[in-house]
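Presented below is the structure to which this report refers.
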Amino acid sequence: MATTAELFEEPFVADEYIERLAWRTPGGGSRGGEAFDPKRLLEEFVNHIQELQVMDERIQRKVEKLEQQCQKEAKEFAKKVQELQKSNQVAFQHFQELDEHISYVATKVCHLGDQLEGVNTPRQRAVEAQKLMKYFNEFLDGELKSDVFTNSEKIKEAADIIQKLHLIAQELPFDRFSEVKSKIASKYHDLECQLIQEFTSAQRRGEISRMREVAAVLLHFKGYSHCVDVYIKQCQEGAFLRNDVFEDAAILCQRVNKQVGEVFSNPETVLAKLIQNIFEVKLQSYVKDQLEEHRKSDAEQYLKNLYDLYTRTTNLSSKLMEFNLGTDKQTFLSKLIKSIFISYLENYIEVEIGYLKSRSAMILQRYYDSKNHQKRSIGTGGIQDLKERIRQRTNLPLGPSIDTHGETFLSQEVVVNLLQETKQAFERCHRLSDPSDLPKNAFRIFSMLVEFLCTEHIDYALETGLAGIPSSDSKNANLYFLDVVHQANTIFHLFDKQFNDHLMPLISSSPKLSECLQKKKDIIEQMEVKLDMGIDRTLNCMIGQMKHILAAEQKKTDFKPEDENNVLIQYTNACVKVCGYVRKQVEKIRNSMDGKNVDTVLMELGVRFHRLIYEHLQQYSYSCMGGMLAICDVAEYRKCAKDFKIALVLQLFDTLHALCNLLVVAPDNLKQVCSGEQLANLDKNILHSFVQLRVDYRSSRLARHFS
C-alpha cells in the first residue's frame with residue numbers, strides 16, 4: 001500500500017501513473033536487457049487494482065466519519081448561536097428600560113431648573129430694580145454718593161447703570177421729573193465723553209484690549225458713531241506722508257483691517273466707513289488738485305492725469321475688494337469712484353476728440369512745414385468730382401503734372417505718431433467710458449484716425465503722387481509713384497493692425513462693429529482705386545520710356561546691315577538698354593509691393609512689354625543676318641522676362657522667339673516651322689505678318705506659301 005501511495009503524485013495524470021507502475025514491475029518494460037513479460041505485468045495490474053479498491057473503501061469510511069462529526073459540531077454551534085441571540089434580546093430590553101429611566105430623570109431635572117429660574121429671575125430683576133431705584137434716588141437728592149459714580153476705575157459699571165437710568169428717564173413725565181432727567185442726561189453725556197476720551201487714549205497707547213472693552217460699553221450709547229469717527233481720524237494721522245496717496249491708502253486699510261476685528265463688534269461697517277472717508281476726503285481732494293490745474297490749459301496733460309488717476313483709483317478699489325465690507329462691496333466701491341470722477345467723465349469724450357483733432361492736425365502740419373510744402377486743397381464736389389469720374393474711366397491725367405522732386409509726402413514717423421496718439425486714446429476710452437457709451441466713443445476716435453491718417457495724409461499723398469506722374473510720352477521721367485505705393489502698403493498694415501488690436505475689442509459685441517468694418521472697407525477701396533490708377537499710369541510711363549529708348553537707339557540698319565558678313569555684335573544696343581531699364585523696374589516693383597500684388601503688376605508690365613517689343617519688331621525689314629540679330633535680341637528679352645517669374649510672360653516671349661525664327665528659316669522649311677508646337681495655334685495672319693518682314697518676301701517661293 002505504501003508503494004501504491006508513492007505512485008500518486010500531484011498533479012495526478014492517469015497515463016503517467018500507469019507508466020510509473022509498469023516501470024516498477026519486473027518484466028514490465030525492456031530495461032537492463034530484461035525480456036517483456038505480459039503475464040507478470042497483468043498479474044501486477046490485477047493486484048494493484050485490488051489494493052486500490054481496499055484503499056478506496058478505507059478512505060470512504062474515513063470520509064463518512066468526518067461528515068458525521070461535522071454535522072454534530074454544526075448542530076452544537078447553531079444551538080450556541082440561539083442561546084446568544086436570546087441573551088442579546090434580554091440585554092437590549094434592559095438597555096431600553098435604562099434609557100427611558102434616564103430620559104425621565106432628565107425631564108424632571110429640566111423642569112426643576114425652569115422652576116428655579118422662574119423663581120430666581122424675578123428676584124434678580126427685583127434686586128436690579130432696587131439698585132436702580134437707589135441710584136435714581138441719588139440723582140433725585142442731587143448728591144451721588146455711590147462708589148460706582150465716584151470711583152473712576154468703575155467707569156464701566158457706571159456706564160451700564162447710567163445707560164439704563166437714561167432709558168428709564170425718557171419714560172418719565174417731563175413736568176415732574178425735569179430736573180432729575182436733566183441730571184441723568186448730563187451724567188450720561190459726561191460718561192460718554194469720558195469713555196470716548198478713554199478710547200482715544202487707549203488707541204494712542206496701542207492697547208487693543210482696552211479699546212475693545214471701551215468700544216463694547218459705548219456700543220449702547222448714542223455716541224458710539226462718534227467713537228468710530230475718532231478711531232478713523234486717529235488711524236489716518238501720519239498715514240499720508242508720502243507722495244503716493246493711493247499706496248498710502250492701501251497700506252492704511254491693510255493695517256486697519258487686521259486691527260478693526262479685534263476692537264469692534266461690527267468691523268465691516270467701521271472699515272467701510274474708513275474707506276468712504278479716505279475716498280471722499282483724501283482722494284477727492286488729491287484728484288481735484290491734479291486735474292483742475294490742467295483742465296483748461298493743457299488737454300494732453302489733463303487726459304494723461306485723468307487716465308492715470310482713474311486707473312490707480314480702480315486698482316486701489318480692486319485691492320480693497322479683498323476686505324469684508326458688507327454684502328455688496330462692489331457697488332459700494334463703484335459709487336465711491338463715481339462720486340470722485342463723475343464731473344470729469346461726463347464730458348471726457350469731448351475733451352478726447354478735441355485734443356486728438358488738434359494734436360493730429362499739428363503732427364501733420366509740422367511734417368509738411370519740415371518739407372517746406374504748402375498743402376494743396378483737394379476739392380470735393382462739382383468739377384472735381386467730374387474730373388475724378390473721368391480719370392477713373394479713362395485713366396487720363398487731368399490738369400498739369402506736378403513735380404514732387406521725388407517726395408512721396410508719406411512719413412512713417414508721422415504715421416507712428418498718429419497711431420500712437422490714437423492707441424492712447426483707445427486705452428483711455430476703454431478705461432474712462434461708460435460701458436454703454438464705449439462702442440460709440442471708440443467709433444468717434446476711429447473716425448478721427450480715418451480723417452487724419454487716411455484722408456488728410458495717405459489720400460493726399462496719393463492725389464499728389466497721381467498728379468506727379470508724368471505723361472507716357474515724357475522723356476527721362478522719374479517715376480516716384482511706386483515709392484508712394486510701397487509706403488502706403490506699409491501704412492495700411494500698421495493701420496489694419498491697430499484696427500484689430502485696439503479697436504475690435506472695444507466694439508466686437510456692439511452694432512458699431514459693422515459700421516466700423518464698412519468704413520474701413522470704403523476707405524481702403526477708395527485708396528485702392530487710386531493706387532491701381534497710379535500703378536497703371538506708371539506702367540504706361542515705363543512703356544513710354546522703353547519706346548523712347550528703342551526710338552533713340554534702334555537703327556534700321558541693325559536688322560538690315562550693309563555688310564552681312566561683318567556683323568560682330570550679339571544683340572543691339574537698344575536691346576541692352578531696354579533690358580537694363582526693365583530689370584531695374586522689376587526690382588523696384590518687387591521692393592514696392594508684396595503678396596499677389598507683385599505678380600499682378602509684373603504680369604501686366606510683362607504683357608505690355610511684350611506688346612511693345614512685338615509692335616517694335618513689326619516696324620523693320622530683316623535680312624538673313626538681321627533676322628539672326630533680331631532672334632538674339634528677343635532671346636535677351638526672353639532672358640529678361642524670366643526675371644518676372646510669371647509663366648504667361650515667359651510663354652509670350654517664347655512664342656515671340658519662335659515667330660522670329662520665321663525671319664531666317666529657309667523657304668522650303670517655312671510650312672514645317674509654322675506647324676510647330678509653339679506656332680501651330682497662332683492666327684495665320686500673325687505668321688504672315690512676320691514673314692512679310694523678310695527682305696526676300698517678294699520672291700515667288702515665299703509668297704506661294706501664304707497664298
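The table for this structure:
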quantity: Test: ALA647 is open to solvent by 10 Å² or more (accessible area, probe 1.4 Å), over 24 Å from ASP473 (Cβ atoms) and of a type in the set (A, V, I, L, M, F, W, C); calculated: yes
quantity: Per-region count, the range 306-328, residues of a type outside the set (A, V, I, L, M, F, W, C), in contact with a Phe, Trp or Tyr (Cβ under 8 Å, 6 or more places away or on another chain) and in a helix (DSSP H, G or I); calculated: 4
quantity: Sole residue being without any contact (Cβ under 8 Å) to a residue 40 or more places away in the chain and assigned to a loop (DSSP other than H, G, I, E, B), chosen from LYS222, LYS233; calculated: LYS222
quantity: Failed item, numbered, when LYS639 is tested on (1) open to solvent by 40 Å² or more (accessible area, probe 1.4 Å); (2) under 23 Å from ASP558 (Cβ atoms); (3) in a loop (DSSP other than H, G, I, E, B); calculated: (3)
quantity: Filter result (open to solvent by 70 Å² or more (accessible area, probe 1.4 Å) and in contact with a helix residue (DSSP H, G or I) (Cβ under 7 Å, 6 or more places away or on another chain)) within the range 193-203; calculated: GLN194
quantity: Unique residue being more than 19 Å from LYS519 (Cα to Cα), assigned to a helix (DSSP H, G or I) and of a type outside the set (Ser, Thr, Tyr) when the list is GLU451, GLU463, GLU456; calculated: GLU463
quantity: Contacts under 6 angstrom Cβ, first residue in the range 464-475 being not assigned by the TED database to the domain that holds THR538 and among the β-branched types (Val, Ile, Thr), partner surrounded by fewer than 18 Cβ atoms within 10 Å (Cβ to Cβ) and not in a helix (DSSP H, G or I), 6 or more apart; calculated: none
quantity: Qualifying residue in the range 321-334 (condition: open to solvent by 60 Å² or more (accessible area, probe 1.4 Å), farther than 20 Å from THR455 by Cα and in contact (Cβ under 8 Å) with a residue 12 or more places away in the chain); calculated: yes
quantity: Of the criteria (1) surrounded by 21 or more Cβ atoms within 10 Å (Cβ to Cβ); (2) more than 49 Å from the chain's Cα centre (by Cα); (3) farther than 14 Å from PHE559 by Cα; (4) of a type outside the set (Asp, Glu), which one LEU612 fails; calculated: (1)
quantity: Test: TYR368 is aromatic (Phe, Trp, Tyr), under 30 Å from PRO435 (Cα atoms) and either outside the structural domain of ASP532 (by the TED database) or at pLDDT 95 or above (or both); calculated: no
quantity: Complete set of residues in the range 275-286 that are within 11 Å of PHE246 (Cα to Cα) and open to solvent by less than 10 Å² (accessible area, probe 1.4 Å); calculated: ILE278, PHE279, LEU283
quantity: Matching entry among MET625, MET593 (being open to solvent by 10 Å² or more (accessible area, probe 1.4 Å), touching a helix residue (DSSP H, G or I) at 6+ places or on another chain (Cβ under 8 Å) and not assigned by the TED database to the domain that holds ASN489); calculated: MET593
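The values are calculated or read from the model by the stated rules, or taken from the named source; none is laboratory data. Keep in mind that this is a model prediction, so the values were computed, not measured. No Cβ is skipped: glycine too gets one built from the backbone with ideal geometry, and neighbour counts run over all protein chains shown. We work out accessible area using only protein heavy atoms, side chains counted, and drop any ligands, DNA or RNA first. Shrake-Rupley method; radii C 1.70, N 1.55, O 1.52, S 1.80 Å.
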